[in-house]
Amino acid sequence: MKRSIISIMLIIILLLTLSACSKAGSAEKPAEAAAETPTEAPAPEPTVEAAPIPDMAVSSEGIVDGAMGIKYGAKNEEFAGGKIPTLSLPLKVEYIPEGTVSLAVVMIDPDGGNWVHWLVANIPVDGTVVEIPENASLDWPEDIVQGRNDFGFLGYGGPTPPSGVHTYVTTVYALSDMLELESGFKLPAIKQAMEGIILAEAQILGSYAR
């Protein structure tokens with residue numbers, strides 16, 4: 001009788017042990033499966049590249065197909081001293097770089113031995129576009145500082161080629177500061193004053209025939 005009871009007890013213990021092992025095994029499987037399931041990395045967000053900033057550019061309504069309008073040179077009727085034209089070209093400067101405080105303008109005639117026609121400093125800048133109107137040389141005397149041209153007077157002296165066709169080069173400089181120049185400065189003075197503060201420059205060419 002005692003043996004039967006002991007046998008029954010052993011059988012019960014064995015069954016309980018097998019049941020516990022079975023439950024433990026089934027509980028571990030989901031964890032193992034979860035561990036084996038690879039997680040997907042989040043998709044990278046698309047990058048938006050900024051559009052490149054164009055280089056500074058200068059244009060003029062007074063120059064058409066590369067030729068300056070006749071009223072800006074010797075064929076006009078507005079003269080200084082009776083013979084030098086004084087009606088200055090309109091200029092539009094675009095894409096002025098950030099940090100620009102002022103503009104400077106230099107107009108020369110390489111075909112005439114780099115004859116200086118117009119020197120301008122301290123044109124104020126507020127934004128990325130500046131429009132210099134026609135006749136600014138005479139209409140803006142209090143807002144800008146002008147140098148002495150090679151004709152010998154302040155401001156703009158228009159094209160007066162002795163013969164043939166000359167090509168005139170107008171260069172606009174974007175500067176990070178105002179220039180400490182007084183009215184009547186010459187070309188070497190403005191070149192020296194601009195050293196180290198030029199942020200950008202742009203040119204426009206215009207021809208004029210006698």
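The values are calculated or read from the model by the stated rules, or taken from the named source; none is laboratory data. All of these numbers come straight from a predicted model, not from anything done at the bench. Glycine also receives a Cβ, built like all others from the backbone with ideal geometry; neighbour counts cover every protein chain displayed.
Observations on the model:
- Residues of region 138-152 satisfying the condition of being at pLDDT below 95, surrounded by 13 or more Cβ atoms within 10 Å (Cβ to Cβ) and within 17 Å of residue 181 (Cβ to Cβ): 140, 141, 144
- Qualifying positions in region 183-205 - loosely packed, with under 14 Cβ neighbours inside 10 Å and assigned to a loop (DSSP other than H, G, I, E, B): 183, 184, 195, 196
- Residue list for region 68-91, filter: surrounded by 19 or more Cβ atoms within 10 Å (Cβ to Cβ) and in a loop (DSSP other than H, G, I, E, B): 69, 73, 86, 87, 88, 89
- Residue in region 100-113 that is surrounded by the fewest Cβ atoms within 10 Å (Cβ to Cβ), counting only those that are in contact with a strand residue (DSSP E or B) (Cβ under 9 Å, 6 or more places away or on another chain) and more than 21 Å from residue 67 (Cβ to Cβ): 101
- Of the set (1) farther than 24 Å from residue 163 by Cβ; (2) polar (S, T, N, Q); (3) modelled with pLDDT of 95 or more; (4) part of a loop (DSSP other than H, G, I, E, B), all apply to residue 39 but (3).
- Options 104, 174; residue that is out of contact with any helix residue (DSSP H, G or I) (no Cβ under 7 Å at 6 or more places or on another chain), of a type outside the set (Val, Ile, Thr) and under 29 Å from residue 53 (Cβ atoms): 174
- Boolean, residue 160 is at pLDDT 95 or above and among the polar types (S, T, N, Q): no
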